[in-house]
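Okay, structure first, notes after.
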Amino acid sequence: RETVIALGPQRGHVGTPSGLADKFARFVRHGAVDGFNVTPYLIPDGLDDIVDLLVPELQERGVYRSEYSGSTLREHLGLRAPLTHRSAPGRQEAG
């Protein structure tokens with residue numbers, strides 16, 4: 001509630017990569033967010049600034065991954081393997 005009130009009038013975050021990373025890291029550590037949707041003010045140049053300047057700052061603070069734990073999107077998101085017809089619960093095998 002306090003975060004929404006404090007940030008309500010703003011239309012975004014402005015600052016240096018280090019300052020923004022500090023702000024975003026604080027949100028993560030206090031459980032206010034579980035991810036980021038970041039849109040640059042200028043496109044396409046702003047995308048380079050986010051990737052080259054902001055992301056490394058977030059990684060240094062431990063709030064943005066620097067590598068993936070698996071090789072599939074399902075593994076990255078921590079989801080279980082999909083059920084197949086053969087492994088579906090309650091299904092009897094022919095035999």
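Just so it is clear, none of the values below were taken in a lab; they were calculated from the coordinates. These figures come from a predicted structure and were not determined experimentally. With ideal geometry, Cβ positions are generated from the backbone for all residues, glycine too; neighbour counts draw on all protein chains shown.
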query = In terms of modelled amide H atoms, which long-range or inter-chain residues lie less than 5 Å from the amide H of Val63?
reply = none
request  = Treat each spin label as a single point 7 Å out from the Cα along the C-beta direction, and report the Asp22 to Asn37 distance in nm.
outcome  = 2.8 nm
Sites Gln59 and Ala81 - FRET efficiency at Förster radius 22 Å, r taken between beta-carbons, to 0.05 = 0.15
